[in-house]
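Following: one structure in structure tokens, then a few remarks.
Rule-based calculations on the coordinates, nothing more; no lab input. Nothing here was measured: the structure is a model prediction, and the numbers come from that model. When we count neighbours, we look across all protein chains shown, and the Cβ atoms used for this are built from the backbone with ideal geometry, even at glycine.
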Amino acid sequence: MALQLQTLETSMLKAIPQALNAAKVTAGDLADQISKVLPGEIKKMAVQLVAIEQAGFSQPLATQLVAMQKESFEDVLIGLFEITLTAVQALINALLDIVKGVVNTALGFALL
Amino acid sequence: MHRFLKTAAILVALGISACSVQLVSPYNADLASSLTKLHEDVLKMASDVARNAANPATKANARVEAYAKTYDDWRARVDTMRILAEVANPGVINCADLMKRLGAGAQSDITAAEGATAEAPQADCQTYLISRLRVRIDQTERLHAAACATNNPNFSNDCLHGFGSARGVVRAGDDSNALLVQPLLRTIRALIWVQDAKKPKTSTSN
């Protein structure tokens, strides 16, 4: 079966809601992950910074510990970046699956 | 940003021809369980140090020298985790470079001053984070050495309460306990969340 431009265009336009739904699911998952992680870590860090200040640690120890707190919070942000990339990857692959399905259906054989 | 968009466009184009893209390494069950075990072991070690430090008869056992094997074991486990991460690294993202551009995660004063480096060429964010976890272990060991030295005049606050319950602190659950290991625990947690986000979703519908 020859690929008709009109057929492909119509099929791809029809797939837009499906693609938007895939994007919504991925964005929702990402928002869930971030809301699960970030507020808890901010609260923990605030509690710990106050505790370090009150604990009577030697000055050099307290200074080093505060610096480590900052670095480990950066680690959380790096982790969230990796989680974001994971969600972006899932979204791109979901969209590619939709394109693949539409093209293959329009062609009548598995090109992609 | 322009370069990032260009890279994204190339990835999408490559993806269409390959039918899928891989920006991040997949979920790894071994890595996930190693991280959970490490988190548990750090908490156990902190309790053990605090217990030794609390008793004058065992106070000397709280010194870092008594835990040398523990720190070596953790480093060996993290190095193994790094190998697992490197094997699965798709090599698309250079996380250290990206973080520097974003102004976050750059080598800090403390890490730089210690001559340690968490950077790795073309490492994805998971591998980069594991490198930073190793630095966190080294830093914790140095804190331990300073806090629990038997000649530390502030031993009680630094060692006993640093690894146990901090004195004079408004209690806020476990978050304010074992303050000296909390940054290390946070980095481990960050990696646990990454694995959790990558874990394939199992369908709950019948």
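Per-residue 3J(HN,Hα) values for the stretch B:180-197, derived from phi via the Karplus relation 6.51 cos²θ - 1.76 cosθ + 1.60 with θ = phi - 60°, read 5, 9, 4, x, 4, 4, 5, 5, 5, 4, 4, 6, 5, 5, 4, 4, 4, 5 Hz in sequence order (x marks Gly and Pro). Mean projection of the Cα convex hull over all viewing directions, computed for the stretch B:14-84: 6.1 nm².
Cβ crowding within 10 Å, taken as a proxy for footprinting-reagent exposure, orders B:Y27, B:Y67, B:Y128 from fewest neighbours to most as B:Y27, B:Y67, B:Y128. Placing a label point 7 Å from the Cα of A:L38 along the Cα-to-Cβ direction, the residues of the stretch A:61-82 with a backbone N closer than 17 Å are A:73-82.
Counting charges near A:I78 (Lys, Arg +1; Asp, Glu -1) among other residues having Cβ under 11 Å from its Cβ returns a value of -4. Electrostatic bookkeeping for A:K36 treats Lys and Arg as +1 and Asp and Glu as -1; over the other residues with beta carbon under 14 Å from its beta carbon, the sum is 0. Using the Karplus relation 6.51 cos²θ - 1.76 cosθ + 1.60 with θ = phi - 60°, the per-residue 3J(HN,Hα) values for the stretch B:52-62 come to 5, 5, 6, 10, x, 5, 10, 3, 5, 6, 7 Hz, with x marking Gly and Pro. At what distance in angstrom do the alpha carbon centres of the stretch A:1-65 and the stretch B:33-52 lie from each other? Comparing the Cα centres of the stretch A:1-65 and the stretch B:33-52, I get a distance of 28 Å.
Ordering A:I92, A:A22, A:V102 by the projection of their Cα atoms onto the charge dipole of chain A, which places +1 on the Cβ of Lys and Arg and -1 on the Cβ of Asp and Glu, puts A:V102 at the extreme positive end.
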